[in-house]
Amino acid sequence: MMTKEIDLKRLNNNTLSFYKKQKVINEVKSKQQITTKRAFTLLELLVVIAILGMLAAVVVPSIVGKKDEAQRKLACTDMASIANVLENFKMDNSAYPDTEEGLEALLSNPDSDKYPQYPRNPYYKKLPKDTWGTPYMYIKTGDSFKLVSYAGDRKEGGTGSDEDIVYPGCEEGK
């Protein structure tokens with residue numbers, strides 16, 4: 001009887017291990033099927049890369065020159081702001097600062113005899129610089145003034161995106 005029980009247990013163990021092996025094999029096959037279904041083919045990848053390349057060819061040229069244009073517009077906007085402060089200076093003191101006094105006259109009173117109505121607080125705490133980090137140039141011309149930014153090359157003159165920006169004359173739209 002003992003041998004029959006052992007044979008029966010062996011049969012049961014073999015059957016169980018057969019089913020366990022079969023289950024593992026089925027799980028591996030189903031995982032392989034899932035991974036093959038999730039993978040992209042080389043053709044699909046090439047199509048996606050081609051589409052991205054075409055989009056880049058259309059978008060990149062329209063973005064490339066925008067930085068210089070934006071910097072120039074910002075410099076012009078800054079100069080318009082400085083011009084408003086200079087107008088306030090003129091209203092308080094009946095004249096624009098001299099070229100020699102420059103924009104520093106907006107930081108502190110350059111001559112208390114010449115500008116007795118200068119306000120107690122300065123017009124600026126710190127002078128703004130252009131978008132390239134260079135101070136704006138101020139030139140008094142009779143009863144008017146000019147503001148100049150030397151742009152990207154930071155020296156007088158220049159062409160293209162390095163051309164000097166002059167206020168008045170650089171207002172947006174021109």
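Structural remarks
- Scan of the range 147-162 for residues that are surrounded by 15 or more Cβ atoms within 10 Å (Cβ to Cβ) and without any contact (Cβ under 8 Å) to a residue 60 or more places away in the chain, ordered by number: 148, 150, 153, 158, 162
- Unmet criterion (only one of (1) surrounded by 15 or more Cβ atoms within 10 Å (Cβ to Cβ); (2) at pLDDT 90 or above; (3) closer than 30 Å to residue 67 by Cα) for residue 139: (1)
- Per-region count, the range 112-132, residues in contact with a helix residue (DSSP H, G or I) (Cβ under 9 Å, 6 or more places away or on another chain) and free of Cβ contacts under 8 Å to residues at least 60 places away in the same chain: 13
- Taking the numbered list (1) exposed (fewer than 14 other Cβ atoms within 10 Å of the Cβ); (2) within 18 Å of residue 148 (Cβ to Cβ); (3) touching a Lys or Arg at 6+ places or on another chain (Cβ under 9 Å) in turn, residue 95 passes all entries but (2).
- Any hit, the range 72-83, residues being modelled with pLDDT under 90, touching a helix residue (DSSP H, G or I) at 6+ places or on another chain (Cβ under 6 Å) and within 30 Å of residue 126 (Cβ to Cβ): no
- Evaluating residue 26 against the criteria (1) farther than 30 Å from residue 152 by Cβ; (2) at pLDDT 85 or above leaves one unmet condition, (2).
- Inside the range 45-92, residues that are under 31 Å from the mean Cα position of the chain (by Cα), surrounded by 13 or more Cβ atoms within 10 Å (Cβ to Cβ) and free of Cβ contacts under 8 Å to residues at least 40 places away in the same chain make up a count of 1.
The values are calculated or read from the model by the stated rules, or taken from the named source; none is laboratory data. Note that the structure is a prediction, hence the values are computed from the model and not measured. Using ideal geometry, Cβ is built from the backbone for each residue, glycine included, and neighbour counts are taken over all protein chains shown.
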